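Report on the structure given below.
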Amino acid sequence: MYKFYVNDQFYQVEGNGKLLPFLRDVCKCKSVKDGCSEGACGTCHVLVDKTAVKACIPTLSMMDGRRILTIEGFSKEDRELYAYAFAEAGAVQCGFCIPGMVICAKGLLDVNGNPTREEIAYALRNNICRCTGYKKIIDAVELAAMLKREGGKIPQKEFTWRLGERVHRVDAREKTLGYGEYVDDMEADGMIYAGAVRSQYPRARVLSIDTEAAKNLAGVIAVYTAKDIPGSVKVGHLVHDWDTMIPEGECTRYLGDAIAIVAAETPEILEKAKKLVRVSYEELPFVSSPYEAMKEDAPLVHEKGNLLAHKHVARGNAKEAIANAEYVYTEKFHTPYTEHAFLEPECAIGMPYEDGVLVYSTDQGTYDTQKECAMMLGLPKEKVRVVNKLVGGGFGGKEDVTVQHQAALVAWLSKKPVKVKLSRQESILVHPKRHPMDMEFTVGCDKDGRIQGVMATVIADTGAYASLGGPVLERACTHAAGPYNYQNFEIDGKAYYTNNPPAGAFRGFGVTQTCFCMEMMLTKLAEMVGISPWEIRYRNAIRPGQELPNGQIVDASTGLAETLEAVKEIFERHPYAGIACAMKNAGVGVGIPDFGRAILAVVDGKLHIRSGASCIGQGLGTVLVQMVVETTGLKREQIVYEGANTINAPDSGTTSGSRQTLITGEAVRRAGMLFNQDRAQHTLEELEGKEYYGEYLAKTDPLGADVPNPVSHVAYGYATQVCILDEEGRIEKIVAAHDVGRAVNPLSVEGQIEGGVVMSMGYALTEEYALKDCKPLSKFGTLGLFRAHQVPDVESIIVEKPGLSVAGGAIGIGEITSIPTAPAIAGAYYRYDGKYRTSLPLADTPYSRKKREA
Amino acid sequence: MGKQNNQRKQCAYVACAGGERDHTCRYGCTGCASCVEVCKKQAIKINTYGVAEVDPGKCVGCRLCEKACPQGIIHMRSAAEVFFVRCSNREKGAEARKACEASCIACGLCEKNCPSEAARVEDGCARIWEETCLSCGNCVVSCPRGVIYDARGIIRKETR
C-alpha cells in the first residue's frame, strides 16, 4: 500500500507500477508527456517534493509519502506566469518538450529566483528539445524569473496581428500548460491497443506465420497478417513499394517490416502477445550499402532492381569550362544517416466512423495519410477521414505512414477504436531518415575566383523503401550548384535500395548533403586563388536578374548578397570563423502541380481558417491568422484557426519543401480577398454560414523543360551562416543571416533559425545513427543530440527583401536554417587547425565522442 | 561541455556503502576515519554500517578527504548530479559477492539499461559519466545489488 499526493489529491494504491502511466492514465495529468519511456528525453518531468524527476523510471512505491506536482496542479499565478513567459519569448514550437521544461524551470526558480542563463541551461540539461535550439526556452525562463521577482504581474500585451509582428503563437498556451492534445493524450471508450511484430532479419523470406498462441492469450482481440488486408498491401508516399505487412512467401526488406499486427485490450497484453507470434524465416543475404546494391549479382531488395532513382542534371558545358579554368579542385565527401528525433513518437488512433474509418494522426499531410489508408483498405478516399492532432515535431520524418494505416486497418477490421503507438526504439528503427550520401565534386574557377563550371556525382543510400528518395536525390542534385551565378553545371546522382532503414525527407531534403560539398569546395578554391572565403562567395553570389546554374532567372527578392554583407564584419573580425551560403526552394516546384487551398468559413460570427496543411510545430496556424488579419482587417478575436483535417479542410499538400507559409499562406490570402468583397457590403453576422475558397497553384516548369529559362521553383530563400570558434576550438557563436522575403512573425523566424542551426550543429559535430548489419545501434540517448547546457549563442539576422508577389512576400524558412551550418562549422575548423574535413560528423573536434577511457 | 559554471559545485562521496554484516572487501572503506579528522566542515561521519558518509549539505568540495583517504575511494562529483556509485570493489562477480552484500559485481545491467552510455562498468566496477548522464535513474532501478544511489533519495532499489 503506497500513499502519496498528486497535485494535492491524496492517492492510496495497492499495486506497484511506473509513475508515468499512473499520472497519465489514472490521474489524467496529460501534461506529463511520454516521449521515450526510457529516461532519455525529459518530456515526463514532474516535481517530486519540489525536485524535478523523470516520471518514466520511478515506481509508485518510491512515491510513498511524497508530494508530486504536475502543471495541472500549478497555482493560477504560476500557470499564467509560464504561459505568458513561454509565449512572449517564442519558446514554443512543436511543444512536446515544453511541459517538461516548465517543470524543470519551476524546480529551479522556486529555489533560485535570479538564475544566470548558464544556471537555467544547466537546470534544463536533461530535457531534449529538437525544435528551438534552447535559446528561446532559456529566454522564457529568464523572463519568468524576472516577472516573478517583480511580483508576478503579467503584462497585458496588445497586438495588431498584422504581418511582421512578433505575436504570441496561437498554440503557445495550450502547449505550455500541457492541455493541448497530441494523439497519445486522447482517450476513447473501449479503446484497444495494437502494434506490429517486426522482422527478425533485414532480409529473409517469411515462410510461415503462426498466430494461434497469440490469439489464445486472454485479452487479445485479433492478430492480423497481410491476408487480412482488404485493399493494396503496398502503400507509399509516391512509389507504392512499402508493404503494410510482409505476406507469407515474400521477403522482408528491413528490420522495421511488420509481419503481423496484434490488437489487445491493454498495452501490456499487446506486448506479451507480440512475443507469442511465431514466424519462421529463411534468412537471406542482405544489402547493407549502395555499393553492394549496385553490383550485378547483388541480392534484389525489390524485384524491379536496386536502383531507385537516377537523376542527371546538366546545363552548359561543365567539362569544357573546367578544362579551361585557372584553378580546379576535386574532392570526395561523405555525409551520414541522421535521425529526426522529434520528441513525440509516432502515434495514431483509428476508429470506425460512419461507413469508413476516422484516423487521428500526427503527420505532415492528412491527405497523404488519407490516400494511403484508403488504398490499403480498398475504400474510396472519402470514407477515410484523417484529423491531425497537435504534431510533436516532424522535420520530414512524419511524411510517410508508419502507424496511421495500421490504426486504420485494425479499426476497420475489429470495429473498435484502437491506438497504435511506436516505442522510441521502434520510431528510431521504422521511419525514414536523412539519406547518407557519397559525393564527388570538381569545381573550376578563374583567376579571380569566379566559378566556371561544376561537375559532381552523388550516390545515395535510400534504404529499404522509396519514401521520398527520388525527390530528395533530385533536390540534392539541383541544389548542388549552390546559389551562384555561373552556367556550366553537370551532376549525376543515383539512389539505391538497401536493406537499411529507409531514407526519405529530412529538413533540407538532400541539400544539407550537397551544400556541404559545394561550400567546402569554395573554401578550398578561395585559398587557391588567394582571396577570403567571404570574398569568393560575394563575387559569385547570385543577384536579382541573374541566371542560376539551372537557368532560372531569380527575382527581385533574391537577397544572398545582403546576407553576406550582414555577416562580413563579424566574419573578418574573428581568426577562427567559417562561412557558408545556401539556397533552398520554397514549394515543391519542378513542374509538379503544387496547390495551396483554404476555406474561410463564417461560423458563429467568427471567421474560421480551414486548410489541410499540417502545422508540425513551425507555427503555421499563427502565420495563417496573421495572413487573414493582414488581408481582411479583422481582429484576432474574430478569427479561429482549425487544425488540418480531411473532413472540412481542403487539400493543401504536404508540409514539406518549406512550402506552407508561401503556398497555403497565399491560398488563405486569396480566400481573404474574396471575403473582403462580401464584407464591403455586409457585417460579419450577416455572412453567417458563408464560405470563401482560396486556391493557389505554384506553377513551375519540369526539370529539363525545353525553355531558355525554366522556373524550377516559385521562390528561393538564401542564407549565409558564420561559425566562430574560440581558442579551445569550441563554438563561441553562430551567426545566421537569412533572406526570408518578408518575415511574417520575426519571433517565429528566429525560432526556426536557432532550432535549425542547433539541429545541424548535431549533424556537423555529434550526431550518429549507427548501423551494424542493417540494424540501428543508436538509442535516443546516444544519438548525440545537443543539450541545453552545450549550445553556444545563435544570432539571427533577418534580411527582408520585397519582390515575391504572393503570400505578402514571405518565403518559407523551415529547411534552409539547417543547410549551411555544417560547412560553416567545417570551414571554421579548417582555419582553426588546418585540417580539411570532408566527412560528417567532423572528426577531431572537442565535440567528438570520447572513446572509453580508464 | 561548454564553459563550466558555478552550478558545478563539487561534492565528495565515498564509493563504498558498507554491508550490514562485517565485510571482507579489501577495496572498501575501513572506517579509519582519516577523512573525518581532516574535514573542517564536519561533513563526514562514520555511519551505522561503519563506513564514511558525506553530508552533501555541509560539504564544500575542498577535497581534503579525497587526499586523506588511504583506500583512495573518496571521489568528487558535481553537487547537482544526483547519481553515484557507492562501491569500489573490482573483483569478479563471485568474489565481489562474497566480499560484501552491497558490492558491485560488474554484471553490466546498469550499462545495459542506461539510455545514454553514462553508466559503464570499468575495471570491474560501475561508474557514472557525468558528462553524458541524463539523470533518469535507470541504473539505480536496474542494479541488482543496490550500489548506485540517488543523492536526493527519490529513486532507489525496489526491494530496499
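Nothing in this text is a laboratory measurement; each read-out follows from the coordinates by a stated rule. Only a predicted model underlies this, so the values are computations on that prediction, with no experimental measurement involved. Glycine gets a Cβ as well: all are built from the backbone with ideal geometry, and neighbour counts include every protein chain shown.
Summing +1 for each Lys or Arg and -1 for each Asp or Glu, what net charge is found among the other residues whose Cβ lies under 14 Å from the Cβ of A:Ala222?
Numbers: positive: A:Lys215, A:Lys227, A:Lys274, A:Lys415, A:Lys416; negative: A:Glu212, A:Asp228, A:Glu265.
Once positives and negatives cancel, what remains is +2.
Note on the protein assembly as shown: helix-only mean residue ellipticity at 222 nm, from DSSP H runs of 4+ residues weighted -39500 (n - 2.57) and normalised by residue number, equals -7000 deg cm²/dmol.
Filter the trypsin sites (Lys or Arg not before Pro) in the range A:355-448 to those in DSSP coil with at most 11 other Cβ atoms within 10 Å of their Cβ, and list the result.
In loop regions of the range A:355-448 (DSSP not H, G, I, E or B), the sparsely surrounded trypsin sites (Lys or Arg not before Pro) are A:Lys415, A:Lys447.
Around the amide H of A:Ala715, modelled in the peptide plane, lie the amide H atoms of A:Ala586, all under 5 Å away and 5 or more residues distant in sequence or on another chain. Straight-line cross-link partners of A:Lys494 among the aspartates and glutamates, defined as a Cα under 13 Å from its Cα and at least 8 positions apart when in the same chain: A:Asp438, A:Glu440, A:Asp461, A:Glu474. By the count of neighbouring beta-carbon atoms within 10 Å, fewest first, A:Asp8, A:Asp446, A:Asp34 end up ordered A:Asp8, A:Asp446, A:Asp34. The distance linking the range A:417-462 with the range B:96-160 is 39 Å (Cα centroid to Cα centroid, whole angstrom).
Annotation: aspartates and glutamates with alpha-carbon distance below 16 angstrom to A:Lys175 (same-chain offsets under eight excluded): A:Asp34, A:Glu72, A:Asp78, A:Glu80, A:Glu88, A:Asp184, A:Asp185, A:Glu344, A:Glu642.
Of all beta bridges that DSSP places with both ends in the protein assembly as shown, some 75 percent have antiparallel geometry. At the listed q of 0.06 Å⁻¹, the Debye profile of the protein assembly as shown, built from one uniform point per Cα, gives log10 I(q)/I(0) equal to -0.45. Of the residues A:His240, A:His312, A:His405, the one with the fewest other Cβ atoms within 10 Å heads the list, and the complete ranking is A:His312, A:His240, A:His405.
Of the two radii for the range A:601-738, the radius of gyration is 1.13 times the Kirkwood radius, both from the alpha carbons; that is the Rg over Rh value. Sparse packing (at most 10 other Cβ atoms within 10 Å of the Cβ) combined with a DSSP loop state is found for the following GluC sites (Glu not before Pro) in the range A:272-314: A:Glu296, A:Glu303. Entry note, chain A: relative contact order of 14 percent, from Cα contacts under 8 Å with a spacing of 6+ residues.
Count Lys and Arg as plus one, Asp and Glu as minus one, and take only other residues whose Cβ is under 12 Å from that of A:Lys494; the net charge is then -3.
Amide H to amide H distances under 5 Å link A:Asp210 with A:Arg278, A:Val279, A:Ser280, where only residues 5 or more positions off or on other chains count and H is placed in the peptide plane. Under the combined filter of DSSP loop state and at most 14 neighbouring Cβ atoms within 10 Å, the range B:14-90 retains these GluC sites (Glu not before Pro): B:Glu20. Exposure proxy for A:Ser532, A:Ser839: other Cβ atoms within 10 Å of each Cβ, ordered fewest to most, give A:Ser839, A:Ser532. Backbone amide hydrogens, once placed in the peptide plane, bring A:Leu804 within less than 5 Å of A:Ser557, excluding anything fewer than 5 places away on its chain.
Step through the table entries A:Lys371/A:Lys415; A:Lys30/A:Lys584; A:Lys135/A:Lys606; A:Lys136/A:Lys801; A:Lys136/A:Lys690, compare each Cα-Cα distance with 31 Å, and write down the pairs that go over it. Correct reply: A:Lys30/A:Lys584; A:Lys135/A:Lys606; A:Lys136/A:Lys690.
Please compute the net charge surrounding A:Val668, taking Lys and Arg as +1 and Asp and Glu as -1 over other residues with Cβ under 11 Å from its Cβ. Result for the local shell: +1.
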